[in-house]
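As structure tokens, the structure follows; a few thoughts come after it.
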Amino acid sequence: MKFKAIVVDIDGTITCEKRELHMGAVEKIRSLKVPVVLATGNILCYARTTSRLIGLDGAVIAENGGAITVRFDLQGTFEESLEECEKAYSFLSEHFNLTKLDPFYRKTEIALSRDFDLKKALDLLETQDFDVEMIDTKYAIHIKSTRINKGVGLQKLAGLMGLEAEDFVAIGDSANDVEMFEVSGFGIAVGNGDERIKEAANYVTEASFGDGAVEAIEFLESNGWI
């Protein structure tokens, strides 16, 4: 079993607990001979900046799969999905005091502060006919199209790179990484990951956060899989 690339989540996976980049994980990623793609629920410029700081080529998946780009010198491509999210947001705003995150930068979804009753919001959303879902990434609550996820983003980006999604090992920590694990060839959850991602994983590290990412890569190297 040999893989040609790695796709890795950012926050909670290659960061420390307080969200700083984990320098050990950065150093380990820099040592790799295979392409590394960053995948995040955050905005595209955040993903591209992180890629630049690590020293990668700029291939990123952002906004939970809604935005992708393959290199720094290329513009990102965005899904046409914001309008339906805005409708759901307007409906929920009648019941909750919601705070948007990065409203001027998000192009395909809406991210909200985690300061409202998500369960109640989900119950209310089920009474409507919006083609959206809400997901808690532990850093924000996202209103996103049901057609978009990191797995879909990985399939599209892999094609642009001349690869298949199955050629990638996926590393992550959150429920929004599940679809990415499902389409990749192998999924590794770091130790701080939530139960959904651990259940979807082929391997779960003992270590957490960036230490877990280092452990994940060393596990792949020790087996000769990258």
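The values are calculated or read from the model by the stated rules, or taken from the named source; none is laboratory data. Everything numeric here is computed off the predicted structure, so don't read it as measured data. Cβ: placed from backbone, ideal geometry, glycine included. Neighbour counts: every protein chain shown. Remember, those area values only see protein heavy atoms, side chains included, never the ligands or the DNA or RNA. Shrake-Rupley method; radii C 1.70, N 1.55, O 1.52, S 1.80 Å.
Among rounded, prolate and oblate, which fits segment 120-222 when a ≥ b ≥ c are the square roots of the eigenvalues of its C-alpha gyration tensor, a/c under 1.5 means rounded, and a/b larger than b/c means prolate? Oblate, because a/c is 1.5 or more while a/b does not exceed b/c. Among T99, T108, the sequence by solvent-accessible area, most first, with a 1.4 Å probe is T99, T108.
This model, with +1 at the C-beta of Lys and Arg and -1 at the C-beta of Asp and Glu, gives segment 148-202 a dipole about its Cα centre of some 120 debye.
Rounded to the nearest 0.05, what FRET efficiency is calculated for K100 and R52 with R0 set to 30 Å and r the Cβ-Cβ distance?
Calculated value: 0.70.
Remark: segment 185-226 carries a charge dipole of roughly 140 debye about the Cα centre, counting +1 on each Lys and Arg Cβ and -1 on each Asp and Glu Cβ. For the chain, adding -39500 (n - 2.57) for each run of n ≥ 4 DSSP H residues and dividing by the number of residues yields -9500 deg cm²/dmol at 222 nm. Where the centre of each part is set by its Cα atoms, how far does segment 156-195 sit from segment 81-110, in angstrom? Value for the Cα centre distance between the two parts: 26 Å. So which residue, out of D173, D11, D123, gets the largest mean-square fluctuation from a GNM of the chain using Cα contacts under 10 Å as springs? So, out of D173, D11, D123, the one fluctuating most is D123.
With kT/(6 pi eta Rh) evaluated at 25 °C and eta = 0.890 mPa s, and Rh the Kirkwood radius from Cα pairs, the chain diffuses with a coefficient of 140 µm²/s according to Stokes-Einstein. Counted over the chain, the DSSP beta bridges are approximately 50% antiparallel. Taken about its Cα centre, the chain carries a charge dipole of roughly 720 debye when the Cβ of each Lys and Arg holds +1 and the Cβ of each Asp and Glu holds -1.
Residues M1, M161, ordered by accessible area of protein heavy atoms at a 1.4 angstrom probe radius and largest first, appear as M1, M161. How far apart, in nm, are two points set 7 Å out from the Cα along the Cα-to-Cβ line at K33 and at D73? So the label points at K33 and D73 sit 2.6 nm apart. Relative contact order, whole percent, for segment 33-83 stands at 30, derived from Cα pairs under 8 Å and 6 or more residues apart.
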